[in-house]
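Here's the structure we're looking at; comments come further down.
Taken together, the values in this text are just the output of simple stated rules run on the coordinates, not laboratory data. This is a predicted model, so every value here is computed, not measured. Because the Cβ atoms are built from the backbone with ideal geometry, glycine has one as well, and the counts that use them run over all protein chains shown.
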Amino acid sequence: MKKVLIITYYWPPAGGSGVQRWLKFVKYFRNFQIEPVIYTVENPKYPIEDKSLVNDLPTNIEVLKQPIWEPNNIFSFFGKKKKESAGFLNSNPSFFGKLLQYIRANYFIPDARKFWVRPSVNYLKKYLKENTIDVVITTGPPHSMHLIGLKLKKQLGIKWIADFRDPWTEIDYFHQLPLTKKAITKHQYLENEVLKNADSVIVVGETMKEIYNKFNSNVFTITNGYDGVILENKIELDSKFTLTHIGLMNADRNPNMLWQVLSEIIYEKKEFSSDFELKLIGKVDASVKRDILKYNLSENVRIINYVSHNKVVEYQKKSQLLLLVVNNVPSANQIITGKIFEYLMVKRPILAIAPTKGDLSEIIHKTNSGVVIDFNEAKKLKSTILDYYSIFKQGKLTIESKNIEQFHRRELTKQVAEIINKITE
């Protein structure tokens, strides 16, 4: 049985999308003769917690922990509360807020967890000399985790896999940071060092793979996925024409076009107004709430704060339509939100606002799971919603999706195990 050491900042009781990927790989590793050891933080400041995820942990798994010092303990992350997600950048900061953003962007590279790198390397060097580990795996963001792997690789010559759940310099909010040219150069240098020195690199989408292939010939695409049984039997759906969005909706993801279209339909069709409900489940940016008020949608919108993963699945199963919105940023074509796979599992129609030529659109097309509307296609969005509404009124709103099984977490774990076995031959 191969033994792997996984270095990750996010681990139960962390909630949200960041923890799901490697928690699920770890859940199934033993099915493929892989024994996982986890290295994570002892005193994390997670923006979201979900204690129910502990139930997915295998029995008797070894978890190593070391304390971390984070500058967030001194000043707030980007001028927000210290438990606020990094996905919420303050779009209108005060002078002091701008100063904090500048310091955070240019002095904590690659991120605010950089101070965990040196003590982690010292601790893990001792552990690796005393214990047999076949492969070290780092997963980011935060991308400082990869610097731990890079240093262990250079100092001990260990086998190392770098997993990118999101890009580094291509991540959706990178262009918003007040970075100096020197800081950008440093980010690019560190990213290149990680890519060139890793024995294998795993990414979540084909576009990211194409970019990273320039630095490493062993780049593999393993998407995120779902972990459950595909819903085949009919269940009682919401009585209203519900459109449900799960997860973070920050300023970049704020679908102004959708609010405008919904406002028009509600104004034009009184029956639609009484039938329609939009559910936003998760953290919602203030700009989104302002737009909902601006377009007089409050009576049709229900905002629900973060709920456990199990409850999220129940909302998805019952929804008439599932809303998926990609951040309207330069790297939008390579964004694959983790929720797409959860949506696929429950087999409800997906309405996606995203690039029609991008990784996410390709998945929706190949699985026949919904419709993708580009950011500037208001007329198409309006007609699509009205078409779905018409089918809903007939009681026939279903979807004949296909090729979903490939995204089950067990199948994806098998692919990771194959990469591990390949680099340890």
For the stretch 164-171, indicate whether the set of residues that are closer than 30 Å to Val313 by Cβ, hydroxyl-bearing (Ser, Thr, Tyr) and surrounded by fewer than 21 Cβ atoms within 10 Å (Cβ to Cβ) is non-empty. no
Would you mention how many residues in the stretch 253-277 are under 18 Å from Ile303 (Cβ atoms) and assigned to a helix (DSSP H, G or I)? 7
Checklist (1) touching a residue at least 40 places away in the same chain (Cβ under 8 Å); (2) surrounded by fewer than 22 Cβ atoms within 10 Å (Cβ to Cβ) applied to Arg348, failing item: (2)
Per the filter on the stretch 6-43, residues charged (D, E, K, R), over 18 Å from Ile161 (Cα atoms) and under 20 Å from the mean Cα position of the chain (by Cα) are Lys27
For the stretch 148-167, what are the residues that are over 17 Å from Ile222 (Cα atoms), in contact (Cβ under 8 Å) with a residue 12 or more places away in the chain and not aliphatic (A, V, I, L, M)? Gly149, Lys151, Lys153, Lys154, Gln155, Lys159
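I want to confirm something. Restricting to the stretch 380-401 and keeping residues that are among the basic types (Lys, Arg) and closer than 20 Å to Ala354 by Cβ, which single residue is surrounded by the most Cβ atoms within 10 Å (Cβ to Cβ)?
Lys382
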On the basis of being free of Cβ contacts under 8 Å to residues at least 60 places away in the same chain and surrounded by fewer than 17 Cβ atoms within 10 Å (Cβ to Cβ), does Glu314 make the cut? yes
Per-region count, the stretch 168-193, residues in contact with a Ser or Thr (Cβ under 8 Å, 6 or more places away or on another chain) and in a loop (DSSP other than H, G, I, E, B): 3
Applying the selection to the stretch 282-301, what residues are basic (Lys, Arg) and not in a loop (DSSP other than H, G, I, E, B)? Lys289, Arg290, Lys294
Across the stretch 233-287, the tally of residues that are under 23 Å from Ala354 (Cβ atoms), among the β-branched types (Val, Ile, Thr) and in contact (Cβ under 8 Å) with a residue 40 or more places away in the chain stands at 5
Restricting attention to the stretch 183-222, which residues are of a type in the set (A, V, I, L, M, F, W, C), within 24 Å of Asn106 (Cα to Cα) and under 23 Å from the mean Cα position of the chain (by Cα)? Leu190, Val194, Leu195
The one condition in (1) crowded, with 17+ Cβ neighbours inside 10 Å; (2) part of a helix (DSSP H, G or I) that Val372 fails to fulfil: (2)
Hey, among Ile202, Ile148, Ile133, which residue is surrounded by 15 or more Cβ atoms within 10 Å (Cβ to Cβ) and either touching a Cys at 6+ places or on another chain (Cβ under 9 Å) or within 28 Å of Ile363 (Cα to Cα) (or both)? Ile202
Can you find a residue that is surrounded by fewer than 16 Cβ atoms within 10 Å (Cβ to Cβ) and more than 30 Å from Asn310 (Cα to Cα) anywhere in the stretch 226-237? no
